[in-house]
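A short reminder: the numbers here are calculations on the coordinates, not readings from a lab. Just so it is clear, the model here is predicted, and its values are computed rather than measured. Cβ placement follows ideal geometry from the backbone for every residue including glycine, while neighbour counts extend to all protein chains displayed.
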Amino acid sequence: AGRKTTWEEVERQLKGGTVYFNTAGSLWPTLGALCRLTSHAFGLPSNVNVYVTPPGVTTSVPPHTDKQDVLAFQSAGAKRWRV
């Protein structure tokens, strides 16, 4: 197994913008359980990506189109979403 990322490393990287964790379900057991429950409920594969954006940053990722269906959940702060 690889070395775990520390919160101090994340804080340093946030000075440059958004930090993201693709396939976060493989990093955090609770998110892994959410993926399994979602896959079971919908009969489709699921994945969780986590984006951490520092205050004051207005764009975390440039405008784009995803090839898959996306459910976005914002847990804190404020951001203007265009869908």
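Along the stretch 56-71 the Karplus relation, 6.51 cos²θ - 1.76 cosθ + 1.60 evaluated at θ = phi - 60°, assigns HN-Hα couplings of x, 7, 8, 10, 8, 9, x, x, 7, 10, 8, 7, 10, 5, 10, 10 Hz to successive residues, with x for each Gly and Pro. Take every Cα pair under 8 Å whose residues are at least 6 apart in sequence, average their separation, divide by the length of the chain, and the relative contact order is 27 percent.
Charges on Cβ only, +1 for Lys and Arg, -1 for Asp and Glu, centred on the Cα centroid of the stretch 8-83; of G56, N22, P45, which one is farthest towards the dipole's positive end? Looking along the dipole axis, the top candidate is G56. Ranked by the mean number of other Cβ atoms within 10 Å of their residues, highest first, the peptides 24-36, 54-66 come out as 24-36, 54-66.
Kirkwood radius, the chain, all distinct C-alpha pairs, inverse of mean reciprocal distance: 14.7 Å.
Dividing the summed helix terms, -39500 (n - 2.57) for each DSSP H run of n ≥ 4, by the number of residues in the chain produces a 222 nm estimate of -8000 deg cm²/dmol to the nearest 500.
Overall, the chain carries a charge dipole of about 100 debye about its Cα centre when +1 sits on the Cβ of Lys and Arg and -1 on the Cβ of Asp and Glu, all other atoms neutral.
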